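Quick note: the coordinates plus some simple rules give every number you see, no bench work behind them. What you are looking at is a predicted structure, and each value in this text was computed from that prediction instead of being measured. Positions of Cβ are generated from backbone atoms using ideal geometry, with glycine treated the same way; all protein chains shown enter the neighbour counts.
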Amino acid sequence: MSQDHPLDELAGSRPAGRISIPVVTTNIDSELEALRRSASYQRNDHASTTIVNRPGLGVVLVALPKGGHMAEHQAARPIILRVLEGRVRLTLRDRTLEMSPGDLTSLAPNLAHEVSGVEDSAFLLTIGGGARQTPSQ
């Protein structure tokens with residue numbers, strides 16, 4: 001992150017350190033720039049960093065290059081995917097959504113999905129609260 005941005009009070013902090021502090025403030029643009037420079041982004045289909053990790057709430061910034069792919073998976077809690085940049089394809093078992101900046105989609109727990117980068121993209125993934133739900137619930 002840029003050390004001179006007024007919201008970058010977490011500059012250099014590790015995601016685990018964001019659990020115990022009472023206020024988490026960061027600049028998403030700076031975080032995204034750092035993600036795209038990372039070795040992980042250069043080597044893999046995507047790169048991510050945890051912005052908030054609290055009991056009942058998580059926020060993850062994901063950078064997904066064009067052609068990048070997150071294989072089918074599911075989350076035990078409800079999630080919200082909000083596109084910040086580019087376009088992503090969210091594939092569910094019964095439909096495919098192409099999402100652009102400003103689009104927001106919420107998924108119920110245990111709903112299988114995959115995400116692909118139609119172009120260089122970034123999105124915020126918010127992981128909801130409550131108890132984890134197993135598929136039988």
Between Ile80 and Ser38, the FRET efficiency computed from the C-beta separation at R0 = 22 Å comes out, to the nearest 0.05, as 0.35
Diffing region 42-51: the Karplus 3J(HN,Hα) column from phi (6.51, -1.76, 1.60, θ = phi - 60°), in whole Hz with x for Gly and Pro, holds 5, 8, 10, 6, 6, 9, 8, 9, 7, 8
Restricting attention to region 49-137, which GluC sites (Glu not before Pro) occupy a DSSP loop and are surrounded by at most 10 other Cβ atoms within 10 Å?
none
Report the Stokes-Einstein translational diffusion coefficient (µm² s⁻¹, integer) for region 23-135, Rh taken as the Kirkwood radius over Cα pairs, at 37 °C with viscosity 0.692 mPa s.
230 µm²/s
What ranking, highest mean first, results for peptides 89-96, 49-56 when packing means the other Cβ atoms within 10 Å averaged over each residue?
49-56, 89-96
I'd like the Karplus ³J(HN,Hα) series for region 99-108: coefficients 6.51, -1.76, 1.60, θ = phi - 60°, whole numbers in Hz, and an x wherever there's a Gly or Pro.
10, 10, x, x, 6, 9, 10, 10, 10, 5
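Using 0.36 nm per residue of separation minus the Cα-Cα distance, give me the extension gain between Ala112 and Leu57 in nm, one decimal. Could you put the intermediate results ahead of the total?
Values: separation 55, 0.36 × 55 = 19.80 nm, distance 2.02 nm.
Full-extension gain reported as 17.8 nm.
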Any residue on another chain or 5+ positions along whose placed amide H is under 5 Å from the amide H of Glu85 is listed here as Ala122
